[in-house]
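Working notes for the structure below.
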Amino acid sequence: MENKSKVTKWIRDNTDLDFKRSTGDGPQIKLDSLFVNRKEAYEIRDLIYTYYTNSNLAFTDKNFSKTFKKIMSYKAGTKVKRDDMLDYLTKSVKKD
């Protein structure tokens, strides 16, 4: 199974995030595209995929679970830039 498909499957099986866009919801544009929408399954999948690919991490269910928890808890309730989230994840893996 391709790595992106592994992440997609894990999100479908283990979270309540939906891969369907709501009415009137389209791809992010301009300023909003800088921020991570933690309610959007596609964004979380792409974030995890990018992080694992750049950091040479194993695409495993156990790792996905740890990363998902970190994504959801990092500055919860506030908008976080995608690059800031990737920096946080990269730094946190060194501590694990």
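Rule-based calculations on the coordinates, nothing more; no lab input. Note that the coordinates shown come from a computational prediction; the quantities given were computed from them, not determined experimentally. Reconstructed Cβ throughout: ideal geometry from the backbone, glycine too, with neighbour counts over all protein chains shown.
Computing FRET efficiency as 1/(1 + (r/R0)^6) for Asp87 and Lys66, where r is the C-beta to C-beta distance and R0 is 25 Å, gives about 0.90. In this structure the amide hydrogen of Phe35, modeled in the peptide plane, comes within under 5 Å of the amide hydrogens of Arg82, none closer than 5 places in sequence on its chain.
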